[in-house]
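The values are calculated or read from the model by the stated rules, or taken from the named source; none is laboratory data. Please read all numbers here as calculations on a predicted model, not as lab measurements. In this analysis, Cβ positions are derived from the backbone assuming ideal geometry, glycine residues included, and neighbour counts consider all displayed protein chains.
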Amino acid sequence: MIKRHHPITVIHKIYSQIRYSIIPLAAFLYNEIRAGTGQQPDWVYIAATIYGVVTGGWSILSWFRETYQLDTKVLHITKGVFTVTQRTIPLMKINNIKIEQSWLYRLLGIANVELQTSDSNADADARLVTSQKMAELLKKSIRLIENQSVIPSTKEHHVTRKEIMMLSMSSNTFLLGLPVTIAVIQHLWSWLFPTPEEEQVSFLELFKKETWGGITLDESIEVTLYLAAFLGICVIVTWLFSIGMAQFRYKGWHLSRAGDVVSIHHGWMGRKSVQIQVERIQSIRIKELMFGRLYGYASICMDCVGYSGERRVKLLIPSIRTSEVVEVLGRLLPEFGIRIPKRELQRDAIYSAAIPRLLLLALGSLIGCYFTLWFLTTVPVLYIVYKYMSYVYVNTKWEIAANLFILRNAGFNQTTVYLLRESIESISIRQSWWQRLFCIYQLEMDIDSPANVREYRMSGITKQDCDEILGWYKNKSH
């Protein structure tokens, strides 16, 4: 039976037509509009009426001509007014299906369905706005579950509210929102309690002795307490806002696996449902964010061909206890054997990365000391930078095991990548003239559309390590 998209798509088509033409139309009519009298020439109103009628009529006609038909094995899509395009998509070629429902779509009982057939993370190959019943029928007809005998029962995992709350402490909403909150509270305070305008002074005044000469110890303690209280209030306000955003975004996150298909369901005001074939998952990435790691929580992401993911992050589980990662992934994705990498980078690798940065900071400090000796306070910064880089290189580990390449990138945020050998498209090895002095190499795993290329890059390994990894990769057929 031939079907059409929901009539609400006409509004979207009209909006798409207007938003691309509003700027040239405004520029064309600027001389007439800027008078502001409301007494425009008749041709302006006639042109606006004709444009509105043509835009609305074209949107309705294109909606009427855009149809789809679902057979037992094939999805037929036809669209176009003057130039008609017919597309046939075999259901067995569809890799991933994504179903979204905003609050308005839920009220209307419809859903936005995106189908992905290509091995890439580009836009969807087909989009349908249809009834919720039709969306469920399409999902069942695609028959993504090909082999029920591998895992006969459905495996599930639910993300709790506490886990989402812990995620909010390390989210970008919290880290990036803190400076915004400080600025907002500062301006709100100045608006509620205005003070006489004072003469603006340079920031360099803080480094002069005259500025600090008249300040007593009691005054400095009082100012410090006020500053600590102000920052504490800003942190609490930002955290509460971050908790609300995290609950809004990840509420009801439910992960399940049946056969060779992983399904992700989540959403509060808007519901989202995604089905992913396990064979399309290239790697699992366990991200331990800075604050979340202190409390034993992590996020699990993935790189999967044909799936752009939640806000391009490609989340599998937004928040989970670190102690439960092995059990949950072993139950849901036994193809990825979770283990801790133990092999270290070459010992001298830290000097190849630390020396240029430390020299640059030292040169900047020496230049600053020419103007004021206060720049000597940057000496501890040099030590902190060196200790941080030492921590990064000491705790960055890697391993090759069976069909997995494991790489743990240490830092403020620690990420451990479990990459399947058959997903690696190529391996790149490079060596700069500076790295040649320390006899180290940089290696990068190339895969299809990774979320973050740097997570597949390792710098500071020896020639023997490179040869071993290349030998492991060349034997991928065994």
Among the listed residues Leu294, Leu316, identify the single one that is surrounded by fewer than 21 Cβ atoms within 10 Å (Cβ to Cβ) and either at pLDDT below 85 or hydrophobic (A, V, I, L, M, F, W, C) (or both). Leu294
Members of region 1-20 that are at pLDDT 70 or above and either in a helix (DSSP H, G or I) or in contact with a Pro (Cβ under 6 Å, 6 or more places away or on another chain) (or both): Thr9, Val10, Ile11, His12, Lys13, Ile14, Tyr15, Ser16, Gln17, Ile18
For region 395-405: of the residues being modelled with pLDDT of 90 or more and among the aliphatic types (A, V, I, L, M), which is farthest from Ala298 (Cα to Cα)? Ile400
Just one of Gln200, Gln148 is assigned to a loop (DSSP other than H, G, I, E, B) and either at pLDDT 70 or above or loosely packed, with under 10 Cβ neighbours inside 10 Å (or both); which is it? Gln200
Would you pick out the residues in region 449-461 that are surrounded by fewer than 16 Cβ atoms within 10 Å (Cβ to Cβ) and in contact (Cβ under 8 Å) with a residue 24 or more places away in the chain? Arg454
Qualifying residues in region 55-89 (those that are part of a strand (DSSP E or B) and among the basic types (Lys, Arg)) - the one farthest from Lys3 (Cα to Cα): Arg87
From the list Arg408, Arg430, pick out the single residue that is within 30 Å of Ala451 (Cβ to Cβ), in contact with a strand residue (DSSP E or B) (Cβ under 6 Å, 6 or more places away or on another chain), exposed (fewer than 13 other Cβ atoms within 10 Å of the Cβ) and modelled with pLDDT of 90 or more. Arg430
Filter region 411-422 down to the residues that are surrounded by fewer than 20 Cβ atoms within 10 Å (Cβ to Cβ) and either of a type in the set (Ser, Thr, Tyr) or at pLDDT below 90 (or both) and list them by number. Gly411, Phe412, Asn413
